[in-house]
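Undergrad: One structure, as structure tokens, below. Some questions next.
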Amino acid sequence: MSDRDVDTPSTTGTEWYKDGLRFSCTQCGNCCTGPPGVVWFNDDEADAMAKKLGISRATFYRKYTRKVGQRHSLKETVTEHGHDCVFLDRESVPGKAVCSLYEARPTQCRTWPFWPENLHSPMTWRAVKRATPCPGMDRGKLVPIEEIRIQRDAHLDE
Ligand code: SF4
């Protein structure tokens, strides 16, 4: 985002999305790749992912995570697309990139793109949509404010 993208006082810090936002994932996988990043999860989420994989929590941490400061993030695999999440599956569905742990994916993934930092203002929402790029934002199903709040505030429990 350029430093010309300055928020206006009328939209910053308010629920400018009170009428809802459109979002329908196209399964392009762009939000699961790109530059190096982190995917955070808590112990319950680690257990859910380990269970889905049929392995122990200890094995899950050893094989699929890396230490970042005091926390653990999911590992990434460098591909022609960028740093793919280790669980991003580009093979099973032709032309799509899907999460191989979908039902057990952590909060960070479940709540995309309704993260507090993405919702800061219309400007940040558009910048994230452009930078990812996420073709699912501003298209398809209208997500009501009540659901956006649940996804936005899920991050407060981490
Ligand atoms: S970038 Fe957007 S459309 Fe593509 S997989 Fe992620 S959420 Fe779906």
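Undergrad: Tell me which residues, restricted to segment 90-105, are closer than 15 Å to residue 49 by Cβ and part of a loop (DSSP other than H, G, I, E, B).
TA: 100, 101, 105, listed by residue number.
Undergrad: If we scan segment 82-91, do we find a residue that is free of Cβ contacts under 8 Å to residues at least 24 places away in the same chain and surrounded by fewer than 16 Cβ atoms within 10 Å (Cβ to Cβ)?
TA: Within segment 82-91, one or more residues are free of Cβ contacts under 8 Å to residues at least 24 places away in the same chain and surrounded by fewer than 16 Cβ atoms within 10 Å (Cβ to Cβ).
Undergrad: State all residues of segment 29-50 that are away from the ligand (no atom under 14 Å from the Cβ) and polar (S, T, N, Q); if no residue qualifies, say none.
TA: Correct list: 42 only.
Undergrad: Let me ask you something else. Step by step: first the residues of segment 112-148, then only those that are acidic (Asp, Glu) and either touching a strand residue (DSSP E or B) at 6+ places or on another chain (Cβ under 8 Å) or farther than 24 Å from residue 40 by Cβ (or both), then the one that is nearest to the ligand (Cβ to nearest atom). Which residue is that?
TA: So the residue we want is 138.
Undergrad: Quick check on this structure: which one of 108, 151 is within 15 Å of the ligand (Cβ to nearest atom), within 14 Å of residue 17 (Cβ to Cβ) and either outside any loop (DSSP other than H, G, I, E, B) or more than 16 Å from the chain's Cα centre (by Cα) (or both)?
TA: 151 is the lone residue from the list that is within 15 Å of the ligand (Cβ to nearest atom), within 14 Å of residue 17 (Cβ to Cβ) and either outside any loop (DSSP other than H, G, I, E, B) or more than 16 Å from the chain's Cα centre (by Cα) (or both).
Undergrad: Restricted to segment 129-148, and to residues that are part of a helix (DSSP H, G or I) and open to solvent by less than 30 Å² (accessible area, probe 1.4 Å), which residue is nearest to residue 81 (Cα to Cα)?
TA: Among residues in segment 129-148 that are part of a helix (DSSP H, G or I) and open to solvent by less than 30 Å² (accessible area, probe 1.4 Å), the one nearest to residue 81 (Cα to Cα) is 148.
Undergrad: Given the residues 20, 37, 29, which is the only one that is touching a Pro at 6+ places or on another chain (Cβ under 8 Å) and open to solvent by less than 70 Å² (accessible area, probe 1.4 Å)?
TA: From the options 20, 37, 29, the qualifying one is 20.
Undergrad: Here is a further query. Condition check: of a type outside the set (A, V, I, L, M, F, W, C), touching a strand residue (DSSP E or B) at 6+ places or on another chain (Cβ under 9 Å), exposed (fewer than 13 other Cβ atoms within 10 Å of the Cβ) and without any contact (Cβ under 8 Å) to a residue 24 or more places away in the chain. Does residue 100 satisfy that?
TA: No: the conditions fail for residue 100.
Undergrad: Tell me, which residue of segment 21-78 that is touching a residue at least 40 places away in the same chain (Cβ under 8 Å) and among the small types (Gly, Ala, Ser) is farthest from residue 96 (Cα to Cα)?
TA: The selected residue is 48.
The values are calculated or read from the model by the stated rules, or taken from the named source; none is laboratory data. These numbers come from a predicted model, not from an experiment. No Cβ is skipped: glycine too gets one built from the backbone with ideal geometry, and neighbour counts run over all protein chains shown. Heads up: the accessible areas ignore ligands, DNA and RNA and are worked out on the full protein's heavy atoms, side chains in. Shrake-Rupley method; radii C 1.70, N 1.55, O 1.52, S 1.80 Å.
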